[in-house]
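> Before I ask anything, here is the structure I am working with.
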Amino acid sequence: FIEFQKKYVKDGLQVVGVSTDDTLAKLKPYVAQAKMNYLVLQGLDHDDVQDAFGPLFGIPVTVVISRTGKVCTKHVGLTSKDAFEQEIKSLL
């Protein structure tokens with residue numbers, strides 16, 4: 001996602017990460033160490049995340065959302081880089 005954010009930000013891509021299993025104290029150093037170049041939110045104990053995108057039964061869950069806010073795809077588990085790139089390109 002770091003690479004996608006860097007590559008497609010000029011085209012309007014905005015990656016947003018949500019951690020549903022870490023406290024803010026654990027999340028902040030991880031984001032810094034991983035040099036994440038996109039917004040990462042702390043979703044632990046935020047039921048509204050589950051309500052909006054759930055149920056979230058696995059980690060990772062990746063939701064691809066259009067510019068208009070429409071949920072286009074939802075991936076549970078690992079997904080190939082090529083699959084994500086095709087989805088991103090189709091929405092830009």
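The values are calculated or read from the model by the stated rules, or taken from the named source; none is laboratory data. Just so we're clear, the structure is a prediction, and the values are computed from it rather than from any experiment. Side chains are part of the model used for accessible areas, which takes the heavy atoms of the whole protein and leaves out ligands, DNA and RNA. Shrake-Rupley method; radii C 1.70, N 1.55, O 1.52, S 1.80 Å.
> Give me the percent of the accessible area of the chain that comes from carbon and sulfur atoms, probe 1.4 Å, all protein chains in place. Don't skip to the answer; put the middle values down first.
Numbers: 3700 of 6540 Å².
Its accessible area is 57 percent carbon and sulfur atoms.
> Can you divide the C-alpha Rg of region 14-56 by 2.2 N^0.38 Å and report the result to two decimal places? Walk me through the numbers on the way to the answer.
Values: Rg = 10.8 Å, N = 43, 2.2 N^0.38 = 9.2 Å.
Compared with the compact-globule rule of thumb, region 14-56 sits at 1.18.
> Return the percentage of antiparallel bridges among DSSP beta bridges fully within the chain, rounded to the nearest 5 %. Please report the intermediate quantities before stating the final value.
Values: 5 of 9 bridges.
Counting DSSP beta bridges with both partners in the chain, the antiparallel share is about 55 percent.
> Determine, at each q value in 0.23, 0.27, 0.33 (inverse angstroms), the log₁₀ of I(q)/I(0) that the Debye formula gives when each Cα of region 45-92 is one equal point scatterer.
Values returned for q = 0.23, 0.27, 0.33 Å⁻¹ are -0.90, -1.08, -1.24.
> Next question. Along each of the three principal axes of the Cα atoms of the chain, give the extent in whole Å, ordering the values from largest to smallest.
Cα spread of the chain along its principal axes, largest to smallest: 34, 29, 24 Å.
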